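To keep things clear, I will list the structure first and then write my remarks on it.
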Amino acid sequence: MSRIGKMPVTVPSGVTVNIKGQDITVKGPKGELSRSLPPEMLVKVEGAVLTVERPSDAKKHRAYHGLTRSLVANMVEGVSKGFEKTLEIVGVGFRAEKAWEKLNLRIGFSHQVEVTPLPGISFTIEGTNRIKVRGIDKEVVGEMAAEIRALRPPDHYKGKGIRYSGEKVHLKPGKAGKVVGRK
């Protein structure tokens, strides 16, 4: 049995869960999320506890069991608390500015890069080099953060670029080793 799939999801107060067939809708103080779940999985709501059950031990059902439980748990957490990813900009002259809802990045190109948020996403900037991506859908928050990071991934020689907060970048030594052995 799936260890993740067996775990019950506690629904906090202020959050309502509606299930119609294979569609699930979760409403909370931060917003509303809807998703279509695999038709084989059975989702039950008993009071403030939500459980996911599978019909058999077939490989497909075992795979869907943990996935369905994780998706539902992320929906419940998203509408109650929300999700956040933090990005850091490293480099001389690299900075971020917020213009209305959009994000203007100066990251070493000849022009500014303008980033438009996906629906349900908001940006906040701390200082000039820290960007926080916030939203209620975990998938969309991760996708938006990955798109911003992909604009200028960390360089492995100088360490410049956009990285996740806490991400370690291993710097390479460069060409200095080739010159030493020559006469």
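A few remarks follow.
- Long-range neighbours under 6 Å by Cβ, at least six apart or interchain, first residue without any contact (Cβ under 8 Å) to a residue 40 or more places away in the chain within region 44-72, second of a type in the set (K, R): H61/R54
- Hey, S70 modelled with pLDDT of 90 or more and surrounded by 15 or more Cβ atoms within 10 Å (Cβ to Cβ) or not: yes
- Some residue of region 109-126 being hydroxyl-bearing (S, T, Y) and modelled with pLDDT under 90: no
- Of the strands (runs of 3 or more DSSP E) lying entirely inside region 5-92, those carrying at least 3 residues that are assigned by TED's automatic domain parsing to the domain that holds K132 are 83-90.
Yes or no, residue by residue, for (1) within 16 Å of I89 (Cα to Cα); (2) surrounded by 15 or more Cβ atoms within 10 Å (Cβ to Cβ); (3) touching a His at 6+ places or on another chain (Cβ under 6 Å):
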position: G127; (1), (2), (3): yes, no, no
position: I131; (1), (2), (3): yes, yes, no
position: K138; (1), (2), (3): no, yes, no
position: P154; (1), (2), (3): yes, yes, no
position: R163; (1), (2), (3): yes, yes, no
position: K172; (1), (2), (3): no, no, yes
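- S34 within 26 Å of the chain's Cα centre (by Cα), in contact (Cβ under 8 Å) with a residue 24 or more places away in the chain and closer than 27 Å to S122 by Cα: no
- Given (1) touching a Ser or Thr at 6+ places or on another chain (Cβ under 7 Å); (2) surrounded by 15 or more Cβ atoms within 10 Å (Cβ to Cβ), number of the condition T51 does not satisfy: (1)
- Single residue of region 97-125 satisfying the filter (among the small types (G, A, S) and closer than 17 Å to K160 by Cα) that is surrounded by the fewest Cβ atoms within 10 Å (Cβ to Cβ): S110
The values are calculated or read from the model by the stated rules, or taken from the named source; none is laboratory data. All values derive from a computational prediction rather than experimental measurement. Positions of Cβ are backbone-derived with ideal geometry, glycine not excepted, and every protein chain shown enters the neighbour counts.
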